[in-house]
Amino acid sequence: MPTSAELHQRRSAAVARGVSSMIPSYVSSAGGGTMTDVDGREWIDFAAGIAVTSVGNSAPAVVSAVQEQVEKFTHTCFMIAPYEQYVAVCEELAALTPGTFEKRSALFNSGAEAVENAVKIARHATGRQAVVVFDHAYHGRTNLTMALTAKVMPYKQGFGPFAGEIYRVPMSYPFRDGGLDGATAAAQAIGLIEKQVGAADLAAVLIEPIQGEGGFVVPAPGFLAELAAWTKSTGAVFIADEIQTGFCRTGAWFASFDEGIEPDLITTAKGIAGGLPLAGVTGRAEIMDAVHPGGLGGTYGGNPVACAAALATIGMMRELDLAAAARRIDSLARPRLEALAAKHPVIGEVRGRGAMLALELVKPGESGPFGPAPDPAAASAVAKAAHEAGLLLLTCGTWSNVIRLLPPLIIDDDELDRGLSLLEQAFL
Ligand code: PLZ
């Protein structure tokens, strides 16, 4: 087997520079809470492929479902010749997402594609165009989703012009907005939408219940409920982007449950299919079905192999109660993170929910226009030290100063403990 160094050399001559990797090591296998590289080194996995392999890499149930499906047929295109697996995934989505109202779903390949389609559907259903998104939001890298995403580098710089009719308002971010309560933060956002966008032209309000790439920003309680209720009162569509938070990650099937909201549309991807590419838009039947037959689709959307993987993944989540596993990860990790924060003033806040936990790093005692001064250098130093010690650890945030934990939900206590110890040591 070639070494990582050899592969890296080949890569430099063949792979575009714009596609980068966090670590220079190449994977040979992964499963449970660990990954092994081609040089024989074992890593503890606190990344899960960015919140994807919640059931673990190559989870046996997923592997056999995929194998069985691959042997039957790999692709027909649902728009040409439909198959049961697609329908079954849509039935699961209807059953698992919040709200007992009648729902419909459409399946796609990536999170960005799901978000694009949610916006298409909301515009079609309302006959309006304006879409409101939030500071620090991340929704993807396609043209429309770049416009929806807040951060310029690395996502948007030089890639314009961007799609129109996108408006950005402040996010509830208690650590940086002076601790505004949810109702006040919502009233501010709503007031701006009313004055600067206009409720009559509003097609959709799109928000991540807990922001992912933007820094694991948990809005103040009530913020989402107020926004959702106001959005409904205007006749616009409230869209929850649960691509990162969904499928048990935050300790419930969807983070919307924690907030007591029933979004009109929900976008899903990542954890849904155990590592195979699949995404969905699920929502109120009358909104989803506003689109004319043939108006939604794509060659691969809801590919049968990805659907088979999703059905097995959802089955595992149900059988193993992975929502409870996420809450257990929270209860084991959070006290360790709080203790770490008590020791290291560079940790300005410990936050998150379930198996979506973060440390926001700041320069102690310094503050600026956005509150506590972000310390991206500290975050990258901690991540680098963790990588050198064998822990896959991601950063995020508008200022790249947030360390985030996204372990697979099936990680065992010993692996979690080893990973947390490596994280603790990375702060020394
Ligand atoms: N919405 C909330 O988290 C993907 C992006 C990593 P795709 N987040 C990881 C990167 O640098 O590209 C994401 C998300 C939320 C949408 C998306 C987009 O999902 O499957 O990456 O297109």
Run the accessible area of the chain with a 1.4 Å probe and give the carbon-and-sulfur part as a rounded percent. 55 percent
Let a ≥ b ≥ c be the square roots of the eigenvalues of the Cα gyration tensor of the chain; is it rounded (a/c under 1.5), or, if not, prolate (a/b larger than b/c) or oblate? oblate
Inter-label distance for Ala13 and Glu102, nm, one decimal - labels placed 7 Å from Cα along Cα-to-Cβ: 6.1 nm
Assigned charges on the beta-carbon of Lys, Arg, Asp, Glu; region 63-320 dipole about Cα centre (debye): 540 debye
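Tell me the mean residue ellipticity at 222 nm calculated for the chain from its helices only (DSSP H runs of n ≥ 4, each -39500 (n - 2.57), averaged over every residue, nearest 500). Before the final figure, lay out the partial values.
Numbers: 14 runs with 165 residues, N = 428.
Only helices count here, giving -12000 deg cm²/dmol.
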Most mobile of Ser28, Ser256, Ser20 per a Gaussian network model of the chain (Cα springs, under 10 Å)? Ser20
What distance in nm separates the simple spin-label points at Lys72 and Leu192, each placed 7 Å from Cα in the Cβ direction? 4.9 nm
For the chain: accessible area per residue (Å², 1.4 Å): 41 Å²
In terms of the Cα gyration tensor, with a ≥ b ≥ c the square roots of its eigenvalues, is region 229-294 rounded because a/c is under 1.5, prolate because a/b exceeds b/c, or oblate? oblate
Karplus-derived 3J(HN,Hα) from phi for region 246-256 (6.51 cos²θ - 1.76 cosθ + 1.60, θ = phi - 60°), whole Hz, x at Gly and Pro, runs x, 6, 6, 3, 8, x, 9, 4, 9, 5, 4
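Could you work out the relative contact order of the chain? I mean the mean sequence separation of Cα pairs under 8 Å and 6+ apart, divided by the number of residues, in percent.
Result for the chain is 23 percent.
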Whichever lysines have a C-alpha closer than 20 Å to that of Lys232, once near sequence neighbours (fewer than 8 apart) are set aside: Lys103, Lys120, Lys195
For the chain, what proportion of DSSP beta bridges, expressed in % and rounded to the nearest 5, is antiparallel? 65 percent
Could you tell me which of Phe78, Val62, Met146 has its Cα farthest along the dipole of the chain towards the positive end, charges placed at Cβ (Lys, Arg +1; Asp, Glu -1), taken about the Cα centre? Met146
In a shell of Cβ-Cβ distance under 12 Å around Lys232, excluding Lys232 itself, what net charge do Lys and Arg (+1) and Asp and Glu (-1) give? -2
Expressed in angstrom and rounded, the centroid-to-centroid distance over alpha carbons for region 233-310 and region 312-340 is 22 Å
Label model pair Val87, Asp289: point-to-point distance (7 angstrom along the Cα→beta-carbon line) in nm is 1.6 nm
Would you mind working out the magnitude of the charge dipole of region 306-428 relative to its Cα centre, with +1 at each Lys and Arg C-beta and -1 at each Asp and Glu C-beta, to the nearest 20 Debye? 260 debye
Straight-distance crosslink candidates among lysines, where the alpha carbon sits under 19 Å from Lys384 and sequence neighbours closer than 8 are dropped: Lys363
One finds, for Arg41 and Asp201 with R0 = 41 angstrom and r their Cβ-Cβ distance, a FRET efficiency to the nearest 0.05 of 0.15
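Compute the normalised compactness of region 123-265: alpha-carbon radius of gyration over 2.2 N^0.38 Å, N being the residue count.
Against the compact-globule rule of thumb, the ratio is 0.99.
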Counting pairs of alpha carbon atoms under 8 Å apart in space and at least six apart in sequence, what relative contact order in percent does region 233-358 give? 26 percent
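Using a Förster distance of 25 Å, how high is the FRET efficiency between Tyr155 and Arg318, based on the Cβ-Cβ distance and rounded to 0.05?
Computed FRET efficiency for Tyr155 and Arg318 comes out at 0.10.
Sorted by average packing, counted as other Cβ atoms within 10 angstrom per residue and highest first, what order do 190-198, 88-96 take?
88-96, 190-198
The values are calculated or read from the model by the stated rules, or taken from the named source; none is laboratory data. None of these values were measured; they are calculated from a predicted model. With ideal geometry, Cβ positions are generated from the backbone for all residues, glycine too; neighbour counts draw on all protein chains shown. We work out accessible area using only protein heavy atoms, side chains counted, and drop any ligands, DNA or RNA first. Shrake-Rupley method; radii C 1.70, N 1.55, O 1.52, S 1.80 Å.
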